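Asker: Take a look at the following structure, please.
What follows draws every value from the coordinates through simple rules; no lab data is involved. Model, not experiment: these values are computed from the prediction. Heads up, the Cβs are rebuilt from the backbone with ideal geometry, glycines too, and the neighbour counts pull from every protein chain shown.
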2 protein chains.
Amino acid sequence: MVRKTQEDALITRERILDAAIIQFGEHGVSRATLAGIAREAGVTRGAIYWHFKDKVDLFAAMIERLVERLVTPLFFRSDDNETWIAENPLGFVREGVNEFFEKLAHDRNFLRVFEILWHKCEYVGDIALLRRKYLEEDAKHIGVLQRAFTLAGENGQISANPREAAIGLVSLINGLIFNWTKNRSLFSMPEEALFIMEIFFRGLGAKPKTINRAGEEGAVYA
Amino acid sequence: MVRKTQEDALITRERILDAAIIQFGEHGVSRATLAGIAREAGVTRGAIYWHFKDKVDLFAAMIERLVERLVTPLFFRSDDNETWIAENPLGFVREGVNEFFEKLAHDRNFLRVFEILWHKCEYVGDIALLRRKYLEEDAKHIGVLQRAFTLAGENGQISANPREAAIGLVSLINGLIFNWTKNRSLFSMPEEALFIMEIFFRGLGAKPKTINRAGEEGAVYA
DNA sequence: GCATAAACATACAAACGTGTATGTATAATA
DNA sequence: TATTATACATACACGTTTGTATGTTTATGC
């Protein structure tokens, strides 16, 4: 069986990507072999070399799929993104964190990729170069948060340095993801993670969300 | 030159460990070769196989050196550790964070190891097993923090759930370390990192530290 | 309907790293 | 001072992975 329709070829490509996620997760990116990925996908190495230049290219494609499916939609959620940020910047941020944790907890494929990126990948050589490109996008994301926090400060929603607020927010999120992917029994995602985030929001001078531990009305603190 | 004194042998061992840190940092743990480490240390692979079972054993020794030189002294700082925790638990925690960031920023060898652990290592197979053992110690450290926060709550120093406070604290620290080792121009260590930590402490309901951005008296917020 | 190129499968050579076996000179020990 | 085990250096064989070259079949454009 050869020369499938270009529709089938795309399916093959997706299956290779899914297989790569599994193999990367099992053996780590560097020790995962193209032969193993091919076996996992039910094809031969020839198919992989047809769709991708090499393992790094395959890895890059995996990340691209994650970014365009998860990260980008998080920062640019709708057409009225800007008005949302302008009117309720703190709500925009809170809701974004919420969505993110929600997807992370419920989408197994996202979770697998995050586990790879955090615990099963060595950022050296070509892969380090790859990450350097994403550093610029990271800066953009922090810029969006910083702008939101600036507006939130002018709004009276918070009282804190916007830059440090933004860096602190992404750091706390990163740390929570790291610890949770490292040991999922440490705390629950998204429930406890969100309560911990609220500690930080309180530190920004924000009013507490009006939910308590039972999901009823009331303050989250105390 | 062979059969050195056992004092020299220990020196050789240390040089191999230092060389391993450099090679792990340059090529990543999995792609770093024992031949390269040997070259870096000015010995041959024979020396490495004499002092260590294999690469994983070498890696484990590197971590052990870090733990006993940095991590453990941080949680058990002095003989009156317990009275310190009992009398001023929040101060104990704050000071610990301070020391940690200080060492991370100024000790190049510590920094190198952290960069390896965070960005140049795949936690799979034997190395994953190795980390599982440290999960228990992680739990102990979180336990220490949780106990301190419990006392701080009874003290009136903070008002927050001790468990979530502890997990949040280590998560924020981890996230800051991650982001800073990933891109050191993002913020300054320890200065800005400590300001960001203060956001979290304020979220716990703590009174602000009486330093401002210029190091003078005054609140840190606003 | 035919030529062409897409979409893979198969085969091959070459490099690389690891583990172990063996060699060796000297510090420690008695 | 003779012996032994230490602290390495050297040599060898082995498996493993990668990149590429070539083969093969069929969808697709003309």
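Asker: So which pairs qualify, if the first residue must be in region B:14-42 and farther than 14 Å from A:GLU122 by Cβ, the second must be within 14 Å of DNA strand D (Cβ to nearest atom) and acidic (Asp, Glu), the Cβ gap must be under 6 Å, and the two must be at least 6 apart or on different chains?
Answerer: B:ALA19/B:GLU40; B:ILE22/B:GLU40
Asker: Looking only at region A:30-63, which residues are aliphatic (A, V, I, L, M), within 14 Å of chain B (Cβ to nearest Cβ) and under 25 Å from A:ASP138 (Cβ atoms)?
Answerer: The one that is aliphatic (A, V, I, L, M), within 14 Å of chain B (Cβ to nearest Cβ) and under 25 Å from A:ASP138 (Cβ atoms): A:VAL56.
Asker: A further question follows. Kindly establish whether A:ALA61 is in a helix (DSSP H, G or I), touching a residue at least 24 places away in the same chain (Cβ under 8 Å) and either touching a strand residue (DSSP E or B) at 6+ places or on another chain (Cβ under 9 Å) or closer than 25 Å to A:ASP107 by Cβ (or both).
Answerer: In short, yes.
Asker: Right, next: Within region A:98-120, can one find any residue that is within 16 Å of DNA strand D (Cβ to nearest atom) and either within 13 Å of another protein chain (Cβ to nearest Cβ) or exposed (fewer than 14 other Cβ atoms within 10 Å of the Cβ) (or both)?
Answerer: Looking for residues that are within 16 Å of DNA strand D (Cβ to nearest atom) and either within 13 Å of another protein chain (Cβ to nearest Cβ) or exposed (fewer than 14 other Cβ atoms within 10 Å of the Cβ) (or both), one finds at least one in region A:98-120, hence yes.
Asker: Among residues belonging to region A:13-72 that are more than 10 Å from DNA strand C (Cβ to nearest atom) and of a type in the set (S, T, N, Q), point out the one that is nearest to A:TYR134 (Cα to Cα).
Answerer: Of everything passing the filter in region A:13-72, A:THR72 is nearest to A:TYR134 (Cα to Cα).
Asker: Counting only residues that are charged (D, E, K, R) and facing chain A (nearest Cβ under 7 Å), which one in region B:180-208 is nearest to B:PHE110 (Cα to Cα)?
Answerer: B:GLU192
Asker: In region B:187-197, how many residues are crowded, with 19+ Cβ neighbours inside 10 Å and part of a loop (DSSP other than H, G, I, E, B)?
Answerer: Adding up the residues that qualify gives 3.
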